[in-house]
Each structure stands twice: as C-alpha cells, then as structure tokens.
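Working notes, beginning with the structure itself.
The values are calculated or read from the model by the stated rules, or taken from the named source; none is laboratory data. Remember, predicted model here, so these are calculated numbers, not experimental data. Neighbour counts run over all protein chains shown; Cβ positions are idealised from the backbone, glycine included.
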C-alpha cells in the first residue's frame, strides 16, 4: 500500500474526492499541507487576502456548480476568520468542507500560540465537524465530511487538523474509502407514498393554490420538476429570495418574489390562497410577516428534506419529508398515472384575480431628471447581459433591487446571502463563480457599505486574473439602514452615512483594474457595455444613484402578508 | 409540561457537547441530563428532562436532536408507560442520638441506605422518582443538618416491549 504523511493524505484525499479548486491562506499550523499542495498538480489553490473571503469564494463556487466548496486555513485567527463565512453557508444550506490547522495534539488545551478551539467555536454553525487525532483518521474524516456536507440538507463541515498529525516525518498506509455509511445519518430522499397521494389530491382540489418555491429546490436540482408541475396544473409560482431562478423569472406563471420586499401580486396571492404548496422553503420571518396573520384561509403543504424545517414557524397540514426533486417527480409520476387534473375553471378565475393584482404594476417607479435610480441600473444590467449573467450580491437595498428587477432565467444564476445577510459576500462570491465558469459573465451587484467589507479581494483578483464586473450602486450611505431610520426612527439617521467614501475608480486602478464612474443616466449603458466587453479585466463600475430611493413594496411590520407600503405615499392597509 | 427524552448517540468525543450546545443555542431548557455508555460501548444513552411550553416545541426539540449527525434514536418517555429513577447521595450532620435514630428511621421508611458513617455524619443513598427524593430531603432536614446533596438527574426507560436500540 502507498505510504503517505498526514499532510500528503489531506491533499491526496481531496484529489481523490475530485476537488480541483481550493481557497485558503497558509500559516504555521498548515505549512506541511501547503508543502504537499505545492507538489500537487491537480489542485489549484487560490490565496485570498482574508480567510472570510476564502469561505465566501468556496461557498459561491458551490452555489454556482452544485459541487462541494473547499477551504484550507491555519489555526487560531485563520480559523476564526472563517466563522462568518461558515455561518453564511450554514444559513443557506451550502455544502462546504473547511480544513483548519490546529496546534499539535500535545499542546491542545495549553493556550498555545494561535490556538483556538475551532471545533467548539464553530459547533453551532456547522452541520458536523471532525478532529483528526492521528494521520490514519484523515482519509475517512475527509470522506465522511464530503458525504455529510453534500447529502440531506447540505451544510458546512469543519475538519480540525493538528500540526503533528500532518508531519512529513511519519508515513502511513493510504487508502481513500470508496464509500461511507453512517448508521446515525441516513437522510430521507423519497416521500411517503400515502402523503404523496394526499398532497396531489389536495393540490388538484385547490381553487386558489400558490406554488411557494424556495432555495431547497435549487439545491436539490428540482427546477425541471418545478416547471413541469407548475405548467401541468397552471399554478402561480412565487420564489423566495433564495429560490429565484428555480422557476424562470420571465415565465407567465411567475408572480415574482414574495415576502418583505415581494411583489404586490405574490403577497396578495399568498394571503388569499386556499393552498400553499411549499417546496424547499422554510417560512422564514422575511416571508411570513406576522405569523398570526399568515395566510388565514390556506392549507399548508410543505416538502422539505430537513424535518426540522417542517412546521417550525408555520404548522404544516400536509408535511412531506424528502428531496424536492424526488418528491415532485413522485407527484408527477402519480399525476401521469392517474391522468387526474385540476378544475381549470376555478384556476382561471384565480388567475383573473392574480392578474388584477399584477395590473397594479408594483415595481413601477418614478424616474428622475437629476438622479439615476437603482432600478434603472439593474434593468440596464439585465439588458446588457441579456439576462445571462451570474449575479452575486451583497446585502442591503441593492440586493433587493437586484432580486426584484433582474428576472433570473435559471437556477444557480443568482448568488446571495439570504439567511445570514452577510455584507461583504458579493465580491468573493463573484470570484468563486468566475473561477467555476470562466466563460460566463459574472457581476457583483453591491453597495458602498458592503463592498468595503471585503474590498481587499481586489488584490486576489489581480493575482489570479479573475475578471469579474463590480457594479456598485453608490448612494453614499447604508441604504437599507437609512430607509428603516427614515420610516421607523423619525428620520434620525444614526451612523448610516458614509462620510468618506473612497474614490473607487482610483482604488481599482491601484489594483491594476479598470474603474468607470457613472454620474448620469446616459453614461450607464455604455459603461456597462464596456465593462462586459473587457472580458479579461476586472471592471469596477461606480454608479452614483439617488440616495433617497427606498425599496418597495415593503411589508408593514406586524401585518399580514398583504399589508404593504407600495411607495413613500401609498400603503395597502391604510 | 415536563418531558423526558431518551437519546441514543454515538459514543464519540464532542457528541455530548453537540447536544448541550443545541439546547443552549435554541433556548431550550434542560432540567437534568444523564449520559453514559451502553452495553454496546460505541453508543451512549442519554436521558434529558426538560420543561416545554407546548407539544410543538417538544416535537421541534426532538427533530433538532435527531438532526445531529451523531444521534441515532430519539424518543419521548413521558408519553407512554415508563420507569424513571434518580440517585440521591446526601450527607447530613446530626448532633445527638435522638436525631441519629430519626435519620435511620427516615432512611428505612424511604428505603434509603446509609453508605458511610462518621461520628456525626451520615451519607445516605436513595433512588426513586424526583418527587420522592424531594420529599426525603425535606424530611431529613427536620432531623439533621444537610451538609451536601448530589443528585444524578433522571434515568428513564420505557416499560414493556418498547426499546431504544441501535
């Protein structure tokens, strides 16, 4: 049998797992692994400028490809800098394996240099974690980590690797396990047959159904089934922020995103529905608004691979545990077999009602002579990229505007931190996507607050020539904070101004990138055209937008789903 | 409502921390927790007593426990017929013969055992449901001065055919 050191086992196990790209930062506790990486020609490593960015890159790489993202960092601060990235992945169920160095086993617990209890610190935000106490533990721990990260409801897994375990001095027989089985971990994939029958019957009997599709449908690669079922039964489809792209954004049955900044038609359809059919969504507080007023007349049908997501916030009358793809296929097969159909008359009447809500045109906005509106920027982006770009975003107003005004055609095209709401996610995320898909246009839609949270990665872009487009919706303030302060805090704008926003064009140029400043609407389209034409350069487009613009619609706090502000002056429940 | 949850989990380093962490993280209440390896040394058996506001919270708690990768089985004992026991070790000080006799009598009534003795100190062992131990402590307090109290927390098992096995 082949004899390898612990460090070599780490690299070989990753190779044998099929890993091509890894994101990380070296340090004392992982020098042996980095030495083994140096000698591997199969794994491309990307050196970031801050470990948090490494995790976001691996995370977005995973969101865009469906593969498991992989991170390598050193002990102590190297590991703890990953925590925000791990939380981000955990909240959105993204499969990651984070390898972190650790002080030698005989020093653990002694407060040694760069010692931090990574297993303990990360415990609440990982799906699982392993600590390897001997080199022989490494291959099986890595195999299990990838298996756990990628199956069931995916999530991040941490592997702690003490330095002595990696030592090049000691060689051990290496064999990478072909498969792994865990008696205590067996995710349910197919739905209970009786429940499938009942679910289909309920769906066919519904007069006002809404198909509420979340990020779980994207993770499960269930878009084909979502589309087929929706089209067969003529169901109105709404997507959560995480679900955008699971159903084509320009499809006539798409009624837009729902929730806090959802469309008038989506939120009204939910509120007035008689059946909510949820696939891979978790009735998050940003969707339901006040749970006591949530969808008063609806029966709730919920498919989720994670039993804890079912009935957590809203009681599910008809729960199905299983993979969205498998369960929807089971429903489609049963539909095909029974040749059953729903009552098209009542569905048509329901559509008449929905179309009335649609006619409100809730995403219409006032343009201005003096200012560029953020909505215009996203619409222009859509036009220039023909709707084909992978769009990553940070967190705030720009994120909501991108979600509202860029109709995503396909899954894995919209990459954002939905659950955790991590500012600083967008740029490294765009880099991870570009590494996965070098030939596709990748744009990071960001704000002047968010971009400065991981702006050091412009340097990583320079080192590896990762030509992403950064589209900054610059309102010289923390827009979403400011919006809330204006609406709910008597206009007191406590610390939501950026009094000294840097010159982003010069900053980009300092990193040998191209910076373009856009101050007027006529400059916008040419700037974006140029940005996407320069395929081998990072282009930073800094667009000065109207600092007073708010995101609408916006649900009224403590109200039902249908209670919304539609503009600064119009409120549905007033 | 009070619930007793039995958990069968991998006897691995960190498994206990994951369970305890889960309760802290999700603001669930733990009244007592006992854990020990089973006859199969690769598995540990845990009994958790908890106070929940409603059935839905209990269900969510059990699902969350089951979601932990190390956890094999989770079951609720208070729903069905079950046996629950707790071990009490209590050390009491007595000042005169009369009190010492009262302590001995109380022990006999409660079927406790005196497991250690010095001139003035008795150490008593008693098993039973929590309420019995509470009552014993109250009673013994009248005849002696309590020096220290150690309670194991509840161990529980279902009656009859029902069993939690790997």
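Values as computed for the structure displayed
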| item | result |
| --- | --- |
| Pairs, first in a helix (DSSP H, G or I) in region B:16-27, second surrounded by fewer than 17 Cβ atoms within 10 Å (Cβ to Cβ), C-beta under 7 Å, six or more apart | B:21/A:124; B:23/B:30; B:25/A:124 |
| The lone exception for residue A:115 - which of (1) assigned to a strand (DSSP E or B); (2) under 19 Å from residue A:31 (Cα atoms) it fails | (1) |
| Residue A:423 vs. criteria within 17 Å of the chain's Cα centre (by Cα) and surrounded by fewer than 24 Cβ atoms within 10 Å (Cβ to Cβ) | yes |
| Residue list for region A:154-181, filter: within 14 Å of chain B (Cβ to nearest Cβ) and over 30 Å from residue B:66 (Cβ atoms) | A:162 |
| Residue A:33 being surrounded by 23 or more Cβ atoms within 10 Å (Cβ to Cβ) and touching a helix residue (DSSP H, G or I) at 6+ places or on another chain (Cβ under 9 Å) | yes |
| Selection status of residue B:135, out of contact with any strand residue (DSSP E or B) (no Cβ under 7 Å at 6 or more places or on another chain), farther than 19 Å from residue B:38 by Cβ and buried (at least 17 other Cβ atoms within 10 Å of the Cβ) | no |
| Residue ID - nearest to residue B:2 (Cα to Cα), chosen from residues in region B:114-128 that are in contact with a strand residue (DSSP E or B) (Cβ under 9 Å, 6 or more places away or on another chain) and exposed (fewer than 13 other Cβ atoms within 10 Å of the Cβ) | B:115 |
| Matching entry among A:369, A:336 (being part of a helix (DSSP H, G or I), surrounded by fewer than 18 Cβ atoms within 10 Å (Cβ to Cβ) and either touching a strand residue (DSSP E or B) at 6+ places or on another chain (Cβ under 8 Å) or not assigned by TED's automatic domain parsing to the domain that holds residue A:541 (or both)) | A:336 |
| Number of the exception - residue B:154 against (1) within 30 Å of residue B:74 (Cα to Cα); (2) surrounded by fewer than 17 Cβ atoms within 10 Å (Cβ to Cβ) | (2) |
| Enumeration of residues in region A:19-43 that are under 24 Å from the mean Cα position of the chain (by Cα) and touching a residue at least 40 places away in the same chain (Cβ under 8 Å) | A:19, A:21, A:22, A:23, A:24, A:25 |
| Some residue of region B:58-72 being within 26 Å of residue A:306 (Cα to Cα), outside the structural domain of residue B:113 (by TED's automatic domain parsing) and part of a strand (DSSP E or B) | yes |
| Residues of region A:142-153 satisfying the condition of being buried (at least 24 other Cβ atoms within 10 Å of the Cβ) and within 13 Å of another protein chain (Cβ to nearest Cβ) | A:145, A:148, A:149 |
| Qualifying position, being crowded, with 22+ Cβ neighbours inside 10 Å, farther than 22 Å from residue A:32 by Cβ and either more than 14 Å from chain B (Cβ to nearest Cβ) or modelled with pLDDT of 95 or more (or both), among A:79, A:89 | A:89 |
| Among residues of region B:36-71, those that are touching a helix residue (DSSP H, G or I) at 6+ places or on another chain (Cβ under 9 Å) and either within 11 Å of another protein chain (Cβ to nearest Cβ) or in contact (Cβ under 8 Å) with a residue 60 or more places away in the chain (or both), counted | 12 |
| Selection status of residue A:207, exposed (fewer than 14 other Cβ atoms within 10 Å of the Cβ) and in the same structural domain as residue A:303 (by TED's automatic domain parsing) | no |
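Rundown of residues vs (1) surrounded by 23 or more Cβ atoms within 10 Å (Cβ to Cβ); (2) more than 21 Å from the chain's Cα centre (by Cα); (3) assigned to a helix (DSSP H, G or I), yes/no style:
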site: A:460; (1), (2), (3): yes, yes, yes
site: A:491; (1), (2), (3): no, yes, no
site: A:501; (1), (2), (3): no, yes, no
site: A:517; (1), (2), (3): no, yes, no
site: A:522; (1), (2), (3): no, yes, yes
site: A:530; (1), (2), (3): no, yes, yes
site: A:537; (1), (2), (3): no, yes, no
site: A:540; (1), (2), (3): yes, yes, no
